[in-house]
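Working notes for the structure below.
The values are calculated or read from the model by the stated rules, or taken from the named source; none is laboratory data. All values derive from a computational prediction rather than experimental measurement. Methodologically, a virtual Cβ is constructed for each residue, glycine included, from the backbone with ideal geometry; neighbour enumeration extends over all protein chains shown. Heavy atoms of the whole protein, side chains included, go into the accessibility calculation; ligands, DNA and RNA do not. Shrake-Rupley method; radii C 1.70, N 1.55, O 1.52, S 1.80 Å.
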Amino acid sequence: MPVQFYDIFNGDADGICALQQLRLEEPRASVRFTPVTSTLERVNAATGDELTVLDISLRSNAADLGRLLDAGARLRWFDHHAAGVPPQHANLKAFIDTAPDTCTSLIVDRYLGGRQRLWAVVAAFGDNLQGPARRAAAELDLEAADLERLRELG
């Protein structure tokens with residue numbers, strides 16, 4: 001049976017921009033979920049399936065995370081919410097930073113080495129992180145009008 005890819009993300013600017021960054025760098029067809037309740041309960045993955053989770057609390061989804069790991073799925077989890085203690089599992093790669101001056105898209109930006117930074121700037125503005133957004137944008141050498149457009153988009 002072929003591997004199925006899943007993208008599970010928060011439907012706000014941060015979750016959408018985090019996914020945009022990753023898919024620009026790692027294009028692939030996937031089943032996409034934007035959970036209204038920010039849970040993974042509707043995801044039924046099998047052995048070898050790959051899940052990317054963005055801007056969704058690991059702590060709130062611990063039971064479903066365990067279920068998916070038990071099913072043999074592989075997960076990459078990017079988030080800035082309080083996570084509790086992520087389980088130690090070979091199939092879980094957690095990129096979590098709960099610092100108050102970050103968002104999921106800035107975490108993805110670090111993961112990607114800044115290669116899709118415009119989207120991280122949009123998301124940081126969208127999460128009302130004006131200072132971090134401007135610091136990230138400083139490396140892009142944008143005109144003031146372009147930076148303002150990114151702020152409005154966020």
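Numerical summary
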read-out	value
Residue count for the range 89-125, restricted to those that are among the charged types (D, E, K, R) and outside any helix (DSSP H, G or I)	4
Qualifying position, being modelled with pLDDT under 95, basic (Lys, Arg) and under 20 Å from ILE107 (Cα atoms), among ARG42, ARG59	ARG59
Residue satisfying all of: in the range 30-67; in contact with a Gly (Cβ under 6 Å, 6 or more places away or on another chain) and over 16 Å from ALA18 (Cα atoms); most open to solvent (accessible area, probe 1.4 Å) among these	ARG59
Subset tally (residues that are of a type outside the set (Asp, Glu) and either part of a helix (DSSP H, G or I) or touching a Lys or Arg at 6+ places or on another chain (Cβ under 7 Å) (or both)) for the range 1-28	12
Any pair with Cβ under 6 angstrom, 6 or more apart, that starts in the range 139-154 at a residue that is farther than 22 Å from GLY15 by Cβ and open to solvent by 80 Å² or more (accessible area, probe 1.4 Å) and ends at one that is assigned to a helix (DSSP H, G or I) and not β-branched (Val, Ile, Thr)	none
GLU26 vs. criteria of a type outside the set (Gly, Ala, Ser), farther than 22 Å from VAL122 by Cα and either open to solvent by 40 Å² or more (accessible area, probe 1.4 Å) or touching a Pro at 6+ places or on another chain (Cβ under 6 Å) (or both)	no
Close pairs from the range 68-79: first acidic (Asp, Glu), partner open to solvent by less than 20 Å² (accessible area, probe 1.4 Å), Cβ under 8 Å, at least 6 apart	ASP79/VAL53; ASP79/LEU54; ASP79/ASP55; ASP79/ILE56; ASP79/LEU58; ASP79/THR104; ASP79/ILE107
Residue identified as at pLDDT 95 or above and in contact with a Lys or Arg (Cβ under 7 Å, 6 or more places away or on another chain) among THR98, THR52, THR47	THR52
